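Scroll down for the structure; my scribbles are underneath it.
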Amino acid sequence: MTLSPALTIDLADYAEPRDAADVVALLDAYARDPMGGGAPLGEDVKARLTGDLAANPHAFSMLARIDDEAVGLANCFMGYSTFAAAPLVNIHDFAIVPGHRGTGIGKALMAAIEAEALKRGACKVTLEVLSGNHPAKALYTAQGYGDYQLDPASGHALFWQKRLT
């Protein structure tokens, strides 16, 4: 008799060695992916990542595992919506390892993030996605995410950045 693998999604405990190692390994795998920039994380980043996340009271990470294998990660940060005068959650990193994409893990991870956001009193969940990342866009759209607009005549919001290094 073949048993189906057990998917679990839990908050990462940055002080727990297994969780910390999985956060770093999954983020590094995401960084190496073309949608993550195609380059590995620097050793200095790997060394301080989970300590820095643990020290940030606004950070939380969700880990998806099938049995004991880490297969998905979401790094999230609490923010604040001034127009709603309420907290929000921003999904900063969202990654499913290549061998497990398209199996429903992403959908389950999104649901877990939304449940955690509601526990934290958030009024919304935000994220950014590359315009060419069609599988991710399809997942997010299917979960009810879309362009941000205040007034359609003014257009949709764009995510811009300026590096300070």
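FYI, it's all coordinate maths here, none of it is from the lab. Bear in mind the structure is a predicted one, so any value in this text is a computation, not a measurement. Cβ coordinates were reconstructed from backbone atoms using ideal geometry, including for glycine residues, and neighbour counts include every protein chain displayed.
Summary table
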| read-out | value |
| --- | --- |
| For segment 1-70: rounded, prolate or oblate by the Cα gyration tensor [a/c cutoff 1.5] | oblate |
| Residues whose placed amide H lies under 5 Å from that of ALA59, excluding near-sequence neighbours | MET78 |
| Virtual spin-label span in nm between LEU130 and HIS58, 7 Å along Cα→Cβ | 2.6 |
| Euclidean distance of C-alpha centroids, segment 83-99 and segment 9-25, integer Å | 17 |
| Using θ = phi - 60° and Karplus 6.51 cos²θ - 1.76 cosθ + 1.60, couplings along segment 24-35 (whole Hz; Gly, Pro as x) | 5, 5, 5, 5, 5, 4, 5, 4, 6, 5, x, 6 |
| Correct option for semi-axes √(5λ) of the Cα gyration tensor in Å [calculated from the coordinates] among (i) 25, 20, 18; (ii) 28, 17, 13; (iii) 37, 21, 13 | (i) |
| Extension gain from ALA47 to ALA21, taking 0.36 nm per residue of separation minus the Cα-Cα distance | 8.3 nm |
| Segment 7-144: antiparallel DSSP beta bridges as a percent of all, rounded to 5 | 90 |
| Gain upon complete extension [ASP13, ALA142; 0.36 nm per residue less C-alpha separation] | 43.5 nm |
| For the chain, built as a Gaussian network whose Cα springs stay under 10 Å, the top-fluctuating residue of ASP33, ASP22, ASP151 | ASP151 |
| FRET efficiency, 1/(1 + (r/R0)^6) with R0 25 Å, evaluated for ARG32 and LEU164 via beta carbons | 0.55 |
| DSSP-assigned coil residues among chymotrypsin sites (Phe, Trp or Tyr not before Pro) in segment 117-165, each with at most 13 further Cβ atoms within 10 Å | TYR148, PHE159, TRP160 |
| Relative contact order (%) - criterion: Cα under 8 Å, at least six apart; region: the chain | 18 |
